[in-house]
1. Could you give the nm distance between label points at residue 141 and residue 159, where each point is 7 Å from its Cα heading toward the beta carbon?
2. If you average 1/r over all unlike Cα pairs in the stretch 139-276 and invert the result, what Kirkwood radius do you get in angstrom?
3. Give the residue from 135, 192, 120 lying farthest towards the positive end of the charge dipole for the stretch 112-207; charges sit on Cβ (+1 for Lys and Arg, -1 for Asp and Glu) and the dipole is referred to the Cα centre.
4. Under 22 Å between alpha carbons, and skipping anything fewer than 8 positions from residue 224 in its own chain: which lysines qualify?
5. Going Cα to Cα from residue 110, which lysines come in below 23 Å? Please leave out same-chain ones fewer than 8 positions away.
6. Tell me which of 175, 209, 251 sits at the most positive position along the dipole axis of the stretch 164-286, charges placed on C-beta atoms (Lys, Arg +1; Asp, Glu -1).
7. If I model a spin label at residue 175 and residue 290 as a point 7 Å from the Cα along the Cα→Cβ vector, what separation in nanometres do I get?
8. Starting from the Cα of residue 227, step 7 Å along the direction of its Cβ; do the same at residue 71; then give the gap between the two resulting points in nm.
Amino acid sequence: MIQLYIPLNFLGVIYREIKQSLADMERLFSLLDENREIADAPDAMPLFTSGAQVHFSHVDFSYESNRQILFDVDFTILAGTTTAVVGHSGSGKSTLSRLLFRFYDIDQGKITIDGQDLRSITQTSLRQAIGIVPQDTVLFNDSIEYNIAYGMPDASKDQIIAVAKAAHIHDFIESLPDGYASMVGERGLKLSGGEKQRVAIARTLLKNPALLIFDEATSALDSKSEQAIQTQLKEIAKNRTTLVIAHRLSTIADAEQILVLDHGRIIERGTHGQLLAADGAYAQMWARQQAHPEEAQAVSPPSISQ
Ligand code: ATP
């Protein structure tokens, strides 16, 4: 009941925070539909995906008019392939995913999915097409079943169990006294970071989106959970257009394309092998992370902007 009385300005704060952290967009938009800053064009059409090829065409972007964040960002994620973005903190990685979700409109250039400009399609259809495994999944104060099925009210119990199995969280759920009816979230069971990510993976599998954004957690899970999650993510990403915001280079070595962002510009691009052979910023980052794996959270290319 208390939630009913939350003042609107408080919702505004939540909106901004969630938007910033990419934490839980489906929830955000259903709760705060009216708070959208971006409106659909009067003649907006639903997005039609056939493979979901993503193209950022010479994109310039600033949150505030006096500070440009992205400069002439131009890349393509071919349908069904994975592109990973690396770069120092603040280089603009998460901004790319916010723009793909059309949280903001860009200043110059164009972003398209299968040739359709994001500004010409409905936001509802855009968000239906994108699944996110966020850094830190926010769980609702509800059953674990509800949390997995969130956004897919018509999902059957069999479907929910199937995706929970695929996300390797079914056995854990079954071991709880109330099974799938167990309450989680702030007022229920507290799940570990790895368990929460598995719930997000199960939810994403149920949604079966054409496009996937994986916002890798900055803080590593223990290495066994980390490896298990990586294996599952590879499974979900298979044949799905995927954008990974990466903090640990070891997790993206087999991406079809790696972009190195530095102060809002793409300074290198290629596969892991090509970038090592180029012996530039990425190769230095790789060498540093190999020597100091504990520093993986602070992936930074050497500064080139001075
Ligand atoms: P990290 O690895 O730390 O998550 P990032 O590479 O994802 O960093 P972004 O979150 O994309 O970086 O931020 C890029 C730049 O944009 C930063 O300088 C940040 O301060 C700025 N920025 C991000 N969000 C906003 C906002 N809502 N308003 C103004 N500036 C912002």
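1. Result: 2.8 nm between the two label points.
2. Values: mean 1/r = 0.0613 Å⁻¹.
In the stretch 139-276 this quantity evaluates to 16.3 Å.
3. Of the candidates, 120 comes out farthest on the positive side.
4. Straight-distance partners of residue 224: 165, 190, 196, 234, 238.
5. Filter leaves 19, 93.
6. Of the listed residues, the answer is 209.
7. The two pseudo-label positions are separated by 3.7 nm.
8. Distance between label points: 4.2 nm.
Just so you know, all these numbers are worked out from the coordinates, no wet-lab data involved. Being a predicted model, the structure only gives us computed values, none of them experimental. Note that each Cβ is placed from the backbone with ideal geometry, even for glycine, and that neighbours are counted across all protein chains shown.
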